[in-house]
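The structure under discussion appears below in the form of structure tokens.
The values are calculated or read from the model by the stated rules, or taken from the named source; none is laboratory data. Bear in mind that the values here come from a model prediction, so they are computed numbers and not experimental data. A quick note on method: Cβ atoms are made from the backbone with ideal geometry, for glycine too, and the neighbour counts reach across all protein chains shown.
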Amino acid sequence: MEPRITKIGFKPIGRRWIAARIGMTLPELFSLGLRAKDVCAKLPHDWLVFDPKVSETDVSAAYNGWRSTQRKVAALAGHERRRSGKGPRPCMCCKKTFKSEGSHNRICRYCTGRAAATYDPW
Ligand SMILES: [Zn+2]
């Protein structure tokens, strides 16, 4: 069972803690921008109580797991961006980086224009 907050026994100060609510899980707290040490700092004196009870080790393990998931998600998003072909890519002609409109678009506007200008069927 995933530990959830059952008690917030301190005055939440700061924009991250102010969003903390009873019933939240550790990953939900991390998503607010709180780090393992922020959460651990509230564990003594029952300022922050979880059910089931968590130790500092549990919090750092959960934080490390959450961070690696975030990194995977970010890496996947970056991969998808590259696959779509949109965004900066080097021109096949002049090798300068330009903002491509998609995978069909591999030559920069300058080179496209130059190619059209020099094309003379006669
Ligand atoms: Zn070019």
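Side notes on the structure shown:
- Any hit, segment 45-55, residues being modelled with pLDDT under 90 and in a loop (DSSP other than H, G, I, E, B): no
- Selection within segment 76-102: residues that are more than 25 Å from the chain's Cα centre (by Cα) and part of a loop (DSSP other than H, G, I, E, B). The member of this set that is modelled with the highest pLDDT is Cys94.
- Yes/no for Pro88 being of a type outside the set (Gly, Ala, Ser) and either under 30 Å from Thr112 (Cα atoms) or touching a residue at least 40 places away in the same chain (Cβ under 8 Å) (or both): yes
- All positions within segment 5-25 that are within 12 Å of Val54 (Cβ to Cβ) and touching a Leu at 6+ places or on another chain (Cβ under 9 Å): Ile5
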